[in-house]
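Notes follow the structure.
Values quoted throughout were computed directly from the atomic coordinates according to the rules given, and no laboratory measurement underlies them. All figures in this text were calculated on a predicted structure; none of them were measured in a lab. A quick note on method: Cβ atoms are made from the backbone with ideal geometry, for glycine too, and the neighbour counts reach across all protein chains shown.
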Amino acid sequence: MDAICGKRHDRFEAIRMGKDLDANIVFVECVLAENILEVRLLKRETGHPVSDACFRHHEDFKKRFESLDELDEMPIRIDTEKPLEACMKHILGYRSNRKALNLQQGNDAFNVGFD
């Protein structure tokens, strides 16, 4: 869902919809050094990016973003400077470990992702 969940009420709505659909929702917080982020966003402006996010939107997004502190547990946090494969292994490994723990405890409660 990316930046569309930058506001608490949007995350609550995603969680509600997940519960309604009996789906587990995982929040992944992607972090990156500011200088590298700027380079990546500026590069998008010259190519054919998948996303419409660009550097001119960055400051406004940061001002509007509401921290993830309302989540019961923290989201999975990844450093997107690392290779995509390493990030995906971290996310999928976490989910796999979390699912195994829930099964061991006999708990299939609704989960929001955590690190």
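Could you list VAL28, VAL39 so that the one with the fewest beta carbons within 10 Å of its beta carbon is first and the one with the most is last?
Fewest-to-most Cβ neighbours within 10 Å comes out as VAL39, VAL28.
Which of ASP69, ASP10 has the fewest other C-beta atoms within 10 Å, and how do the rest follow up to the most?
Ranking ASP69, ASP10 by Cβ neighbours within 10 Å, fewest first, gives ASP69, ASP10.
Return ARG11, ARG56, ARG77 ranked ascending by Cβ neighbour count within 10 Å, so the fewest neighbours appear first.
Working: ARG11 21, ARG56 10, ARG77 15.
Starting with the residue having the fewest Cβ neighbours, the order is ARG56, ARG77, ARG11.
Which lysines, on any chain, are close to LYS89 with Cα under 18 Å apart, when same-chain ones fewer than 8 places away are left out?
Once the sequence-local lysines are set aside, what remains near LYS89 is LYS99.
Amide H of ILE25 versus every other amide H placed in the peptide plane: which residues, excluding those fewer than 5 positions away on the same chain, fall under 5 Å?
Amide H to amide H, under 5 Å and 5 or more residues apart or across chains, ILE25 pairs with ASN111.
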